[in-house]
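A.B. asks: The structure that follows is given in the form of structure tokens.
The values are calculated or read from the model by the stated rules, or taken from the named source; none is laboratory data. If you're wondering where the values come from, they're calculated on a predicted model, not measured in any experiment. In this analysis, Cβ positions are derived from the backbone assuming ideal geometry, glycine residues included, and neighbour counts consider all displayed protein chains.
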Amino acid sequence: MRTRDEALALWRAHNDDDYLYRHALSVEAAMRHFAARFGEDPDYWGIVGLLHDVDFQEHPEEHLAHSRGILAEAGYDEKFIRAVESHGFGIVTEVEPVHPMEKALYAVDELTGFIYACAIMRPSRSVLDIEAKSVLKKFKTPAFAAKIRRDVIERGAGMLGMPLDELVTETILSLRPVADEIGLKGTVA
């Protein structure tokens, strides 16, 4: 398996956007959290999360159409590539998430962005003091973070066999250890 440093170098070879970097780190953290929860390899799952959008900045209109080539050339295996492709199921790919790793990636990709949007609206601008009930309240407001696909988040929770509130809670918990790196420490000491 490739190291995290190698994964970061690959990500940086195809991306330089700060928001996309924070998103990659957020999804990496969530994937590490869920890997531990499911008794899987946090390093492997984390790198899948880190590289899930490797082609997005260069090819936003063809997202995931170029990931396979980029990842295969860098030496990532079929399981890894399939997981990356599966997070676009029903949106830009027909690769259905079947492995728990794929289901977790599908579930947390949009959700980490939604939690980020909720956190930056708080007076503290932090994920360290946000709770699931606040996120779920915003979830019911279609105009808030309107581009984030709530149906994907709900479908992902269903794939994992997890109630939505539990998925939100676990994802918030996954982001707290990396709050500073993803710009969500805010004013909380």
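A.B. asks: Starting from the stretch 96-114, keep only residues that are over 22 Å from S126 (Cα atoms) and without any contact (Cβ under 8 Å) to a residue 12 or more places away in the chain, then list their pairs with residues that are of a type in the set (A, V, I, L, M, F, W, C) and surrounded by fewer than 23 Cβ atoms within 10 Å (Cβ to Cβ) whose Cβ atoms are within a distance under 6 Å, requiring at least 6 positions of separation or different chains.
C.D. replies: E96/F89
A.B. asks: Just to be sure I understand, how many residues within the stretch 83-108 are within 15 Å of the chain's Cα centre (by Cα) and under 24 Å from G39 (Cα atoms)?
C.D. replies: 15
To keep it simple, each residue is scored yes or no on (1) assigned to a loop (DSSP other than H, G, I, E, B); (2) modelled with pLDDT of 95 or more; (3) of a type in the set (K, R).
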| position | (1), (2), (3) |
| --- | --- |
| L8 | no, yes, no |
| R22 | no, yes, yes |
| G39 | yes, yes, no |
| G49 | no, yes, no |
| G75 | yes, yes, no |
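A.B. asks: Tally the residues that are in a loop (DSSP other than H, G, I, E, B) and not acidic (D, E), restricting the search to the stretch 91-125. Break it down stepwise before answering.
C.D. replies: In the first step, residues of the stretch 91-125 are kept if they are in a loop (DSSP other than H, G, I, E, B); the result is 91-92, 94-99, 121-125.
Add one more test, that the residue is not acidic (D, E), and what stays is 91-92, 95, 97-99, 121-125.
Counting residues in the stretch 91-125 that are in a loop (DSSP other than H, G, I, E, B) and not acidic (D, E) gives 11.
A.B. asks: Any residue in the stretch 59-88 that is surrounded by 15 or more Cβ atoms within 10 Å (Cβ to Cβ) sitting within a Cβ distance under 6 Å of a residue that is of a type in the set (G, A, S) and part of a helix (DSSP H, G or I)? List the pairs, counting only those 6 or more apart or interchain.
C.D. replies: So the pair list comes out as V84/S67.
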